Amino acid sequence: MKYFHLIWAALARSKTRTLLTLMSVVAAFLLFGMLDSVRVAFNSGGSVAGANRMVTMSRLSITQMLPYSLDAQVRAVPNVKKAAFAAWFGGIYRDPKNFFANFSVSPDYLDLYPEFKLPAAQKKAWLADQRGAIVGEALAKQFGWKVGDTIPLQATIFPTKGSNDWQFTLRGIYHVDDPKQKAQERVLFFHWKYFDEANDYVKGRVGWWIVEPSNGGSADRVAKAIDTLSANSDHETKTQSEAAFNQSFAKQFADIGLIVSAIMGAVFFTLLLLTGNTMAQAVRERIPELAVLKTIGFSNRSVLWLVLGESVLLVVLGGILGMLLAAVIVPMVSAASGGMIQLPGLLGQTWGIGLALMVGIGVLVGLLPALRGMRLNIVDALAGR
């Protein structure tokens, strides 16, 4: 680009203003890179093709429980290698701020999760104790629990015998080797049979089934076969990948994708106003210089492209710096969370959207000042009018 030195000189004309504007662009695209990773994380995993584990839940809502009578039918579906079931409990330990996931599960639940490492003796003790519970190592460390302790939980949904007080005996502490999955150590599991017999709210109902197909290629057929079991009934099911299930579970609390998109929209609207004002001010200050360029032979179109190039370069330079910072910070956030926050990093689609936004914003904020420079009358500009 033969006029690059002119564009660069224009940016360097007011170094402080350019630097501050550049920092604003960097901050905006740093936020974009990080937030788009969150959006991708919450909007991925909808297909069951090739899924190692699938989840069968109510077609209506995750809060709608299903009849236990489906259990034998789900297990009998061709190409179902393993199956287990669970139900959300929602108990609180001492204080609502001590939130952690807790589920009632079938005895074979851990067979679907070989990544959960539980000593054989502790597993045997848990299976033998109807009121027994197992917890992840991270949770046990947080509350100082050890095997044999009594863990009281306050029910928020399912009372027992007219009371909200449930008590479990800790029979095992499991751990997860993968550092990216350490969030899985913040869960308490207890027996569904005890939950079914003791709660005063529902009987013979489960939340969902975890299903492992015999091979990845049969996942679609298995999902359709399971959902056919309850077709046209009052408890129709939807079988999906585990990732999609986790996504729908999170959306009970909020639509993360919508929230993230709204934040990014506000950030870029503010950026448009800021950089637009910067470019308008920069062109106003250089009216005589642009007139001189026209005097020595620069065409109207050349002046237009010079101003547009200045605005695009400013936004693209700041945008790339911001995205590079996000590419470094996102994996650090995931690692520092111990697996509680699992972000995919900056994918190709994020970079593609980011680059398109950089060019689009650069053109938008530079267009009006560029048109003003293109239509500039030399005599009026040099006369100060």
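The values are calculated or read from the model by the stated rules, or taken from the named source; none is laboratory data. As the structure is a prediction and not an experimental result, all values here were calculated from the model. Note that we place each Cβ from the backbone using ideal geometry, even for glycine, and neighbour counts take in every protein chain shown. For the accessible areas, the whole protein counts, side chains as well, though only heavy atoms, and no ligand, DNA or RNA atoms are used. Shrake-Rupley method; radii C 1.70, N 1.55, O 1.52, S 1.80 Å.
A compact table of results
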quantity	calculated
Inter-probe distance in nm under a simple model that places probes 7 Å from Cα toward Cβ, at W8 and L60	6.7
Length released on extending from L324 to L355, taking residue separation times 0.36 nm less the Cα-Cα span	10.0 nm
The chain: DSSP helices with Cα axial extent of at least 18 Å and average Kyte-Doolittle hydropathy no lower than 0.0	15-42, 256-285, 300-336, 348-374
Ranked by how many other beta carbons lie within 10 Å on average, peptides 218-225, 348-355, 109-116, 157-164 from highest	218-225, 109-116, 348-355, 157-164
Karplus (6.51, -1.76, 1.60) ³J(HN,Hα), θ = phi - 60°, over segment 100-115, in Hz, Gly and Pro reported as x	7, 6, 9, 10, 9, 9, 6, x, 9, 4, 5, 5, 7, 10, x, 6
Scaled radius of gyration (Cα, divided by 2.2 N^0.38 Å) that segment 53-132 gives	1.28
Links that overshoot a 31 Å alpha carbon limit, given the list K97/K193; K123/K161; K81/K146; K124/K180; K97/K180; K193/K238	K81/K146
Along each principal axis, Cα extent of segment 109-148, largest first, Å	26, 23, 15
Accessible area per residue, Å², the chain with all protein chains present, probe 1.4 Å	50
Distant-in-sequence amide H partners of G90 (H built 1.01 Å from N, under 5 Å)	N102
Residue of M34, M279, M332 that the Gaussian network model of the chain assigns the largest fluctuation, springs spanning Cα pairs under 10 Å	M332
Carbon/sulfur fraction of accessible area - the chain, other protein chains in place, 1.4 Å, %	61
Mean residue ellipticity (222 nm) of the chain, computed from DSSP H runs ≥ 4 via -39,500 (n - 2.57), nearest 500	-16500 deg cm²/dmol
Dipole magnitude (debye, nearest 20) for segment 16-142, charges at Cβ of Lys, Arg, Asp, Glu	60
Listed residues L313, L258, L271, most fluctuating in the chain (Gaussian network, C-alpha, under 10 Å)	L258
Nonlocal amide H pairs with R131, under 5 Å, H built at 1.01 Å	none
For the chain, share of DSSP beta bridges that run antiparallel, in % to the nearest 5	75
Relative contact order of the chain, pairs being alpha-carbon contacts under 8 Å that are 6 or more residues apart, as %	29
Once the Cα gyration tensor of the chain is diagonalised, semi-axes √(5λ) in Å	60, 22, 17
Segment S233-R284, extension gain: residue separation times 0.36 nm, minus the distance between their alpha carbons	11.3 nm
Cα lying deepest toward the dipole's positive end in the chain, options L22, Y174, G204, charges on Cβ	L22
Sum of side-chain charges, V135 neighbourhood, beta-carbon under 11 Å (Lys, Arg +1; Asp, Glu -1)	+1
Other-chain or far-sequence residues with amide H under 5 Å of K81's (modelled H)	E212, S214
